[in-house]
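Working notes, structure below.
The values are calculated or read from the model by the stated rules, or taken from the named source; none is laboratory data. Fair warning: this is a prediction, and the values are worked out from it, not measured in the lab. Virtual Cβ from ideal backbone geometry, glycine too; neighbours counted across all protein chains shown.
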Amino acid sequence: MSKIELPNKDGFFGNYGGKFVPETLMKALTELESEYNKLKTSTAFQKQIDKDYAEFVGRPSPLYFAERLTKKYKGPKIWLKREDLNHTGAHKINNTIGQIILAKKMGKKRIIAETGAGQHGVATATVAARLGLECHIYMGAEDVDRQSLNVYRIKLLGASVHPVHSGTATLKDALNEAIRDWVTNVEDTYYIIGSVTGPHPYPMIVRDFNSIVGRELKIQAKHHFGKLPNAIIACVGGGSNAMGIFYPFIQNKQVNLYGIEADGRKLEKNKHSATLTKGSPGILHGALSYLIQDKKGQVLPTHSISAGLDYPGVGPEHSYLKDIGRVNYFPVNDEAVLKAFHEVSELEGIIPALETAHAFAALEKISKSYSVKDNIVVNVSGRGDKDISTVAKLEGISLE
Ligand SMILES: *Cc1c(COP(=O)(O)O)cnc(C)c1O
């Protein structure tokens, strides 16, 4: 693979990406891109981010040897990149920390964001509170019900939550609403997108901020086992935790990369969110990428046990990496995810987020291709505290 920096100047990763937005947003995207390109090379900006990562997020996150999981699968050594230990409990704050500094530098007074599981809403409300900026979070009404704890966390942090009832009342509808707000208030408002999705330059910006995960892993792998990992596994919703850990390894072709999607319900054919595995290219939320749609290009309802993966789109760079065969994407179903959720909790003393449990559920299949001499890393994108009541309800356990 030749070393070409992507996206290109028009925001494309191969055929995917771009800026498919209303005229009113073009100026804001261009302004964002030029501000980001200026700051990216500024030492003062990098210093500020490194300081925030260390002192507010708690980075670097450890690379942890999962001894009992390794024993169970009797194959490669299994290591965990512990993004669940970050402040606010997931990888999402890596991105919001960076984007809020951009917003401040651009003189914006008002912050908006969409959220699915509520994690991005919490990560955004957290950094907005810290910098004293007004903050509005759009959330599908369905997710407001599923994630009531995160809704209250966002409010405690001083932000407003706006439930969205249109469509399937999930993440894609929250995104539509956030874009609508941005179009109306573009002068004083900064829109913090929560994944490597949306129009250029967002997929690049969110990837760059999350890449701290892969950069740390490179150093930690060398320290712990003296070489690069043989494989890295991450769950894929929009794709930001996966892009963050994969990106610094894209040119290291000896490192196999696995992106795990949500296959949803085993026995119901159309109840899934496996965009790359089962979708086709189309335009959603300002970018061309794989999409779950019907023959006429209408977006279809999706399903996943985890709110954070319940999204019909995916970041354009993943679509590119799928087509060139650099990343191996496959889905796992809800049933396997619940099993993995319990397994990791009981074997490692770590309750993973349901999103993350998708990555763990893929271990059974993936570990068979590796030997005891190999090292594989699971990106633990977040902790499972937010999902405990969902799991209890599914299993008929009352927490009242
Ligand atoms: C939001 C979220 C995801 C999915 O988002 P990506 O952009 O695909 O990373 C995965 N894991 C956790 C814990 C999340 O909060």
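Would you confirm whether any residue within the range 263-279 is buried (at least 17 other Cβ atoms within 10 Å of the Cβ), closer than 24 Å to Arg59 by Cβ and within 16 Å of the ligand (Cβ to nearest atom)?
no
I'm told Thr124 meets every condition in (1) more than 14 Å from the chain's Cα centre (by Cα); (2) within 16 Å of the ligand (Cβ to nearest atom) except one. Can you identify the failing condition by its number?
Condition (1) is where Thr124 drops out.
With in contact with a Leu (Cβ under 7 Å, 6 or more places away or on another chain), over 24 Å from Pro62 (Cα atoms) and surrounded by 19 or more Cβ atoms within 10 Å (Cβ to Cβ) as the only criterion, which of Pro199, Pro203 stands out?
Pro199
If the Cβ limit is 6 Å and pairs must be 6+ apart or interchain, which residue in the range 228-251 that is near the ligand (Cβ under 6 Å from one of its atoms) pairs with which residue that is of a type in the set (D, E, K, R) and assigned to a helix (DSSP H, G or I)?
Once the first residue is near the ligand (Cβ under 6 Å from one of its atoms) and sits in the range 228-251, its partners that are of a type in the set (D, E, K, R) and assigned to a helix (DSSP H, G or I) give Cys235/Glu355.
Take the residues in the range 372-385 that are more than 16 Å from the chain's Cα centre (by Cα) and within 16 Å of the ligand (Cβ to nearest atom); name whichever of them is modelled with the highest pLDDT.
Val377
Would you say Asn86 is on the phi < 0 side of the Ramachandran plot, within 16 Å of the ligand (Cβ to nearest atom), out of contact with any strand residue (DSSP E or B) (no Cβ under 8 Å at 6 or more places or on another chain) and without any contact (Cβ under 8 Å) to a residue 40 or more places away in the chain?
The answer is yes for Asn86.
I need the full set of residues from the range 332-347 which are surrounded by fewer than 24 Cβ atoms within 10 Å (Cβ to Cβ), in contact (Cβ under 8 Å) with a residue 60 or more places away in the chain and within 16 Å of the ligand (Cβ to nearest atom), in order please.
Residue satisfying the conditions is Asp334 alone.
Anything in the range 47-98 that is closer than 19 Å to Gln220 by Cα and hydroxyl-bearing (Ser, Thr, Tyr)? List them, or say none.
If the condition is that a residue be closer than 19 Å to Gln220 by Cα and hydroxyl-bearing (Ser, Thr, Tyr), then Tyr53, Ser61, Tyr64, Thr70 are the ones that fit.
Only residues that are buried (at least 24 other Cβ atoms within 10 Å of the Cβ) and either of a type in the set (D, E, K, R) or part of a loop (DSSP other than H, G, I, E, B) (or both): list them for the range 68-85, please.
Listed by number, the residues that qualify are Lys81, Glu83.
Out of all the residues in the range 259-303, which are touching a helix residue (DSSP H, G or I) at 6+ places or on another chain (Cβ under 7 Å), among the hydroxyl-bearing types (Ser, Thr, Tyr) and more than 23 Å from Pro7 (Cβ to Cβ)?
Listed by number, the list holds a single entry, Ser273.
Any residue at all in the range 128-137 that is within 16 Å of the ligand (Cβ to nearest atom) and of a type in the set (A, V, I, L, M)?
Yes: one or more hits.
Identify, please: which residue in the range 185-199 is within 12 Å of Ile112 (Cα to Cα) and more than 16 Å from the chain's Cα centre (by Cα) and is, among those, farthest from the ligand (Cβ to nearest atom)?
The qualifying residue farthest from the ligand (Cβ to nearest atom) is Asp188.
Taking Ala129 as meeting all but one of (1) without any contact (Cβ under 8 Å) to a residue 40 or more places away in the chain; (2) closer than 20 Å to Pro312 by Cα, write down the number of the exception.
Answer for Ala129: the failing condition is (2).
Within the range 358-390, restricting attention to residues that are acidic (Asp, Glu) and under 17 Å from Gln147 (Cβ atoms), which residue is surrounded by the most Cβ atoms within 10 Å (Cβ to Cβ)?
Asp387
Ser389 - would you say it is part of a helix (DSSP H, G or I) and either in contact with a Gly (Cβ under 6 Å, 6 or more places away or on another chain) or within 30 Å of Asp10 (Cβ to Cβ) (or both)?
Taking the combined requirement at face value, the residue does not satisfy it.
I'd like to know if the range 201-209 contains one or more residues that are at pLDDT below 95 and within 15 Å of the ligand (Cβ to nearest atom).
no
Which of (1) surrounded by 19 or more Cβ atoms within 10 Å (Cβ to Cβ); (2) over 22 Å from the mean Cα position of the chain (by Cα) does Phe209 not meet, given it meets every other one?
Exception for Phe209: condition (2).
Sort out which residues of the range 41-67 are in a helix (DSSP H, G or I) and surrounded by 14 or more Cβ atoms within 10 Å (Cβ to Cβ), and write them in order of number.
Of everything in the range 41-67, those that are in a helix (DSSP H, G or I) and surrounded by 14 or more Cβ atoms within 10 Å (Cβ to Cβ) turn out to be Phe45, Gln48, Ile49, Asp52, Tyr53, Phe56, Val57.
Report, by residue number, each residue of the range 142-156 that is more than 16 Å from the ligand (Cβ to nearest atom) and modelled with pLDDT of 95 or more.
Once the filter is applied, which keeps residues that are more than 16 Å from the ligand (Cβ to nearest atom) and modelled with pLDDT of 95 or more, the range 142-156 yields Tyr152, Lys155, Leu156.
Quick one: which of Lys38, Lys51 is more than 23 Å from the chain's Cα centre (by Cα) and basic (Lys, Arg)?
Lys38
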